[in-house]
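Take a look at the structure below.
The values are calculated or read from the model by the stated rules, or taken from the named source; none is laboratory data. Here the structure is a predicted model, which is why all the values come from computation and not from measurement. Every residue, glycine among them, receives a Cβ derived from its backbone with ideal geometry; neighbour counts consider all protein chains shown. All accessible areas refer to the heavy atoms of the entire protein, side chains included, with ligands and DNA or RNA removed. Shrake-Rupley method; radii C 1.70, N 1.55, O 1.52, S 1.80 Å.
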Amino acid sequence: LEIEKNLNFLKNTNIFFLDKKILIDQLKKYNFIEKYNIIKLYPSKIILELKQAEFLAKTIKNNESFLIGSNGKFVNIKKFNISEELPLVFGKFTAEKFLLFKKILTKSNLNYNNIKEIFFYPSGRIDIKNKDSVTIKFPKENLEEAINIASRIINNKNLKNNVIDLRIKNHLIL
């Protein structure tokens with residue numbers, strides 16, 4: 001509805017002379033749009049196909065709450081009513097760094113939907129806390145390997161501790 005209002009200037013505009021760049025600039029203002037397709041249907045119609053980004057996590061930056069979108073953008077949470085539980089992300093990080101970590105998690109057997117919190121440290125290290133209150137401390141290097149080890153430990157179901165420390169190479173601290 002907001003997009004429709006902001007594109008209202010297009011009404012009664014000759015689409016033969018309409019510059020797509022103007023339309024693209026308007027659509028880029030909406031950081032929750034992941035993909036768009038503009039189709040000019042002559043003689044007088046424009047069709048916009050818009051795909052909303054999937055929201056992957058929540059975070060707080062400068063005392064404001066944001067959603068992290070699959071398009072790599074931070075979206076103000078006030079614009080959306082999100083009912084699903086998303087992981088909360090802490091620390092100084094870029095959306096690209098988060099998406100890279102999410103991609104590595106997706107390739108592993110670690111269940112992303114079971115993650116409650118993700119911590120990005122200035123050193124480049126990452127910790128996660130799952131919904132069972134198990135904290136996993138990952139090393140800076142060999143992240144994929146460490147995630148797979150953590151997955152095997154958690155899936156073993158014999159875990160008695162609530163901390164899995166994988167920061168030291170070739171050492172597991174429980």
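State which entries of Lys35/Lys116; Lys79/Lys103; Lys97/Lys140 exceed 24 angstrom in Cα-Cα distance in the structure shown.
Working: Lys35/Lys116 28 Å; Lys79/Lys103 26 Å; Lys97/Lys140 13 Å.
Beyond 24 Å: Lys35/Lys116; Lys79/Lys103.
Grab the beta carbon distance between Lys28 and Ser123, set R0 = 30 Å, and tell me the FRET efficiency rounded to 0.05. So, using R0 = 30 Å, E works out to roughly 0.30.
For the chain, the relative contact order comes to 11 percent (Cα pairs under 8 Å, sequence separation of at least 6). On full extension, the segment bounded by Ser65 and Lys78 gains 3.9 nm, given 0.36 nm per residue less the C-alpha separation.
Where Lys and Arg each count +1 and Asp and Glu each count -1, what net charge lies around Leu23 among other residues with Cβ under 14 Å from its Cβ?
Working: positive: Lys11, Lys20, Lys21, Lys28, Lys29, Lys40, Lys45; negative: Glu4, Asp19, Asp25, Glu49.
Here the count lands on +3.
Going 7 Å from the Cα of Asn113 toward and past its Cβ, which residues in the stretch 70-91 have a backbone nitrogen under 16 Å from where you end up? So the set is 83-87. For Pro87, neighbours were defined as the other residues whose beta-carbon sits under 13 Å from its Cβ, and their charges (Lys and Arg +1, Asp and Glu -1) total +1. The 3J(HN,Hα) values that the Karplus relation (6.51, -1.76, 1.60; θ = phi - 60°) gives for the stretch 114-122 are, in residue order, 9, 8, 9, 9, 10, 10, 9, 9, x Hz. Gly and Pro appear as x. Candidate cross-link partners of Lys45 among the aspartates and glutamates, defined by an alpha-carbon separation under 15 Å and a same-chain spacing of 8 or more, comprise Glu4, Asp19.
Within a Cβ distance under 13 Å of Asp127, other residues only, what is the Lys/Arg minus Asp/Glu net charge? Could you put the intermediate results ahead of the total?
Details: positive: Lys116, Arg125, Lys129, Lys137, Lys140, Arg167; negative: Glu117, Asp165.
Combined, the nearby Lys, Arg, Asp and Glu give +4.
Going by average Cβ neighbours within 10 Å, how do the peptides 40-52, 8-20 rank, with the highest at the top? If you can, show how the numbers build up before the last one.
Details: 40-52: 11.5, 8-20: 9.6.
Packing proxy ranking, top to bottom: 40-52, 8-20.
By a 1.4 Å probe calculation restricted to protein chains, Ile115 has an accessible surface near 10 Å², given to the nearest 10. The packing ranking of peptides 31-39, 146-154, highest mean first, is 146-154, 31-39, where packing means the average number of other beta carbon atoms within 10 angstrom of each residue.
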